[in-house]
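S.K.: The following block contains the structure, expressed as structure tokens.
Every number in this text was worked out from the coordinates using simple rules, so none of it is lab data. Because the structure is predicted, anything quoted here is derived from the model rather than measured. Here the Cβ positions follow ideal geometry from the backbone for every residue, glycine too, while neighbour counts run over all protein chains shown.
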């Protein structure tokens with residue numbers, strides 16, 4: 001039920017959906033009337049603010065966890081990579097499709113190759129509403145094997161479907177590996193806050209190493225502040241969804 005509610009929330013918090021709703025309301029309102037003008041004004045304001053790159057970038061800069069220098073990472077027994085960077089909705093199914101956020105995978109491999117971790121734990125089942133043939137954890141493990149990471153260095157947690165379950169099932173997995181005591185946690189920078197909280201809640205303290213940054217450095221050029229960017233709507237959706245998820249998790253005592 002929680003999983004389905006989160007999928008519904010994804011739709012409700014889409015500014016693009018709000019924009020369509022405002023335009024439809026203007027369409028059905030009395031032509032030329034006050035109500036129609038108000039709906040159109042609201043749609044115009046949403047478009048103006050929602051496509052402003054500077055506004056969403058500043059908001060995300062305040063929310064995202066900042067990058068962590070490699071030299072600041074203490075050697076650990078394992079890195080935990082949270083899934084959510086692959087797509088199972090593309091054919092042919094003879095390969096792994098990485099979408100935006102794939103640097104979470106490359107950061108994981110980087111830590112391993114740098115000798116900062118001995119094991120890689122991949123946590124994540126399937127993000128699809130309907131069951132799929134493979135899990136996201138298994139897909140990413142395939143890529144690690146192609147990168148010549150030894151199979152014995154890879155541990156899979158394939159049951160979780162949300163962040164809370166990532167933490168709970170990873171702890172259960174670690175109970176079978178008492179030699180793993182220290183962790184590094186990799187997820188998207190906008191998601192790191194909630195993930196760290198969930199892992200801490202189940203008693204797993206981990207160093208943060210965020211990736212998948214949706215922000216850029218701040219610039220003072222006109223294009224940063226004034227030129228509309230349609231991708232800004234997507235980033236607003238992402239931020240609103242994550243903030244809502246964090247508040248729900250906090251209220252439920254998950255993080």
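S.K.: Counting other C-beta atoms within 10 Å, which of 86, 221 has the fewest, and how do the rest follow?
M.R.: Fewest-to-most ranking of 86, 221: 221, 86.
S.K.: Taking 7 Å along the Cα-to-C-beta vector as the label spot, tell me the residue 100-residue 252 distance in nanometres, rounded to one decimal.
M.R.: That separation, rounded to one decimal, is 2.5 nm.
S.K.: To two decimal places, what compactness ratio does the chain give when its Cα radius of gyration is scaled by 2.2 N^0.38 Å?
M.R.: Normalised Rg, Cα atoms only: 1.15.
S.K.: State the three equivalent ellipsoid semi-axes of segment 70-208, derived from the C-alpha gyration tensor as the square roots of 5 times its eigenvalues, in descending order and whole Å.
M.R.: Gyration-tensor ellipsoid for segment 70-208: 22, 17, 14 Å.
S.K.: If R0 is 41 Å, what FRET efficiency do you get for residue 93 and residue 30 from their C-beta distance, rounded to 0.05?
M.R.: Result of the calculation: an efficiency of 0.20.
S.K.: Here's something else I'd like to know. Could you tell me the center-to-center distance, by alpha carbons, between segment 191-223 and segment 55-111 in angstrom?
M.R.: About 10 Å separates the Cα centre of segment 191-223 from the one of segment 55-111.
S.K.: Hey, another quick one. Place a point 7 Å from Cα of residue 201 in the direction of its Cβ. Which residues in segment 139-162 have their backbone N less than 13 Å from it?
M.R.: Flagged as within label range: 162.
S.K.: Given the DSSP H assignment, sum -39500 (n - 2.57) over each helix run of at least 4 residues in the chain and divide by its residue total; what's the result at 222 nm in deg cm²/dmol, nearest 500?
M.R.: -15000 deg cm²/dmol
S.K.: Using a/c under 1.5 as the rounded threshold, could you call segment 204-255 rounded, prolate or oblate? The axes a ≥ b ≥ c are square roots of the C-alpha gyration tensor eigenvalues, and prolate needs a/b larger than b/c, oblate otherwise.
M.R.: The shape class here is oblate.
S.K.: So if the hydrodynamic radius of segment 1-106 is defined as the Kirkwood radius over C-alpha pairs, what does Stokes-Einstein give as its diffusion coefficient at 20 °C and 1.002 mPa s, in µm² per second?
M.R.: Translational diffusion coefficient: 116 µm²/s.
S.K.: Also, I was wondering about something else. If each residue of separation counts as 0.36 nm, what is the full-extension length gain between residue 20 and residue 175 once their alpha-carbon separation is subtracted?
M.R.: So the chain would gain 50.9 nm between residue 20 and residue 175.
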